[in-house]
Every structure is written in structure tokens, then in C-alpha cells.
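Below you'll find the structure, written out as C-alpha cells, and then a few comments.
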Amino acid sequence: MSHITRTIKMTTLMGMVIFIIGCSPKKYILNQFDGVFDSIEYVYLTDDDPQLVKESFPFNLKIIEILLDQGPDDREMLLTALSSFTMYSYGFVIEDAEKLSLKDYAAGNELYNRANKLFNRAFHYGLHGMELKYPEFNNWLAKRDIEHNPFEKEDISYLYWLSAAIGGSISSSHGNPVFVVDLPKVGWLLEKSMEIEESWNSGALYSAMISFTMSRPDVVANREQVALDYFNKAVQASSGEDCSVYVRYAESVCIKNQNKDEFIEKLNFVLNFDIERAKELRLTNTMAQSRAKWLMERIDELFY
């Protein structure tokens, strides 16, 4: 474990101790955690041990909620809650649910239900954060019909993670119409973000649009070509260093089109990728390699 990781964990532990026994715990813990979560995000993303991150993540989620209890209108902390709960649910809970369901459907379904609750919790944190700045935000999202784009570049993080939280709620609902009906909201949030800065966060919006393009309910001419264009833009924006883009394309496009050769090509790129080539993406790429390996092991089930 790195010196930075140990320092952060010790700060967290001390903060909790002071929170319990100190004479002025609320003020102290708020001061202790000012700016800490930026460091935690960096430490997590550069880690190459997903299991370590998985085991430590829930503790930090509760710390975030403790801080929000003291400052429920802190937009930065609300964004942290939105992104953190969404990342944890996608990266670990729904991933475990998918794998477990193949062996034990009932147990896997319980995990899907848990992921759904976590995605909904994330969404409500994000919704509150956006309504603090834009009181009409929920109405805009529901109608998806406004004359101009009211958002700013600083809002893209909120819009992106809200789209991910909604998408996660849909994915974990097993096709429940209550959630599926919200799919157009995902596209609206992503499209509004792209109107501001298409290549935001090294192509994260392009990558998200790959999946949405293949699942969107409206008619799209040349759907596969549109998804391929987003894939190429995502690869270019990330300099080919984000392996999750390749896995997403393989799952969203290749399986649906039953293009086995292209599926193998994309996943082999991921499996042969040098994790140390992009240290800031160690966790993302390590998890992408793990999923690519699992998908390759199921190739006979996925292609007929």
C-alpha cells in the first residue's frame, strides 16, 4: 500500500475517532475531509488491485453521507456522492450480480436489487445538487424540451453521472417499465453535455454514447455506424489508453451484431494492453481486462 493511501486511510480513521469522542466533532470532521476526496479518487484510479478498492469503497461512501448530513446543500459533496455511489454500483455490485446470476439466479437478483437502490440513491443526490443551481432541472429532465441549453461546462460532471445513474437503474431493474421509460433521459443528458464539450474527460461522453446508441428507443439510421463513429472518437480522445472503451464496444455492438471476429479483436487488444502504459487509468484498465477475460470465457454462450 502506498504512503498516500496509508495517509488517507489514517486521516479517515482519525476523523471517525474524533467524530465519536471529540468535544467538537462536527466541525473537526468537516475540516479534516476538506479536499480529501479528490486525493481518494486519484489513489483509487491509479490502483491496480480492484479487490482492495472494492473492500474500502463502502466505508468512504458512508463518510460522504456523514458529511452530507452536516452540509446537505454542499454541491461538491453531492457530486461526490452521485459519482461515488454510481461508480461503486457499476464497478462492483452490478458486476457481481451479473456473474452470480449465472450460478444462482435468486442470489444474483438480490444483488441487482441492491444495485438498483444504490443507483437511485446516487440519482437523488445528483438531482438535489442540480436543483440547487437550476430549480427547474427536474421539469427540464422530465420534458426534455427546452429552447436552449442552459448548462455550463462545470455542469457536465453532474449531467454525465446522472445519465450513468439512470442507466444503471435501468440495467439493474431487469426491464422494469418504471425504469426503462427513463432511457430517453440518458440520451438527453449526454447530448446536452456534448453540446458544451464533446471530448470532455478524454472521450467519456463518446464512450457512453456507444451503449446508448445501440439501446435508444427511437429510430436511428445506420445505428451500428453511428456507434462505431463514437468508438473511434472515444479511442482518439483517450489516445487509445482507456480499455473500457473497447470492452464497451465489444459488448454493446459486437454481441448484438453477432460479429465474433471483431469481438475477439477488441478484447484481445484489452487483454494484451500494458497496464503501466496509463498509470492514471490503472484501476479502469485492470477491471476492463478482468471483464474481457470473463467475456472471452463465455464466447460460446454469447455467439451462436
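The values are calculated or read from the model by the stated rules, or taken from the named source; none is laboratory data. As the structure is a computational prediction, the values presented were derived from the model and not from experiment. Don't worry about glycine lacking a Cβ; one is built from the backbone with ideal geometry, like all the others, and counts go over all protein chains shown.
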Of all residues making up segment 208-251, the number that are more than 24 Å from I170 (Cα to Cα) and in contact with a Gly (Cβ under 8 Å, 6 or more places away or on another chain): 6
Yes/no for R282 being modelled with pLDDT under 95, buried (at least 18 other Cβ atoms within 10 Å of the Cβ) and within 23 Å of W161 (Cβ to Cβ): yes
Residues of segment 128-170 satisfying the condition of being surrounded by fewer than 18 Cβ atoms within 10 Å (Cβ to Cβ), at pLDDT 95 or above and of a type in the set (A, V, I, L, M): L132
Filter pass, S215 being among the small types (G, A, S) and either assigned by TED's automatic domain parsing to the domain that holds A165 or out of contact with any Lys or Arg (no Cβ under 8 Å at 6 or more places or on another chain) (or both): yes
Any hit, segment 2-17, residues being in a helix (DSSP H, G or I), farther than 18 Å from F123 by Cα, at pLDDT 55 or above and out of contact with any strand residue (DSSP E or B) (no Cβ under 6 Å at 6 or more places or on another chain): no
Pairs where the first residue, in segment 77-88, is in contact (Cβ under 8 Å) with a residue 60 or more places away in the chain and in the same structural domain as G168 (by TED's automatic domain parsing) and the second is crowded, with 24+ Cβ neighbours inside 10 Å and acidic (D, E), C-beta under 6 Å, 6+ apart: none
Residue match in segment 252-269 (condition: closer than 26 Å to P50 by Cβ, of a type in the set (K, R) and not in a loop (DSSP other than H, G, I, E, B)): yes
Whichever residue in segment 270-288 is part of a helix (DSSP H, G or I) and over 17 Å from the mean Cα position of the chain (by Cα) and, among such residues, is farthest from F92 (Cα to Cα): R277
Of all residues making up segment 101-136, the number that are in contact (Cβ under 8 Å) with a residue 24 or more places away in the chain and either under 20 Å from the mean Cα position of the chain (by Cα) or not assigned by TED's automatic domain parsing to the domain that holds F85 (or both): 16
Matching option when the condition is surrounded by fewer than 20 Cβ atoms within 10 Å (Cβ to Cβ) and at pLDDT 95 or above, among I299, I275: I299
So M194, is it over 30 Å from R114 (Cα atoms) and either over 16 Å from the mean Cα position of the chain (by Cα) or of a type outside the set (A, V, I, L, M) (or both): yes
Members of segment 272-301 that are of a type in the set (V, I, T) and touching a Ser or Thr at 6+ places or on another chain (Cβ under 9 Å): I275, T284
Index of the failed condition, E251 passing every other in (1) at pLDDT 95 or above; (2) more than 20 Å from G167 (Cβ to Cβ): (2)
Residue identified as closer than 22 Å to E241 by Cβ and surrounded by fewer than 20 Cβ atoms within 10 Å (Cβ to Cβ) among S202, S207: S202
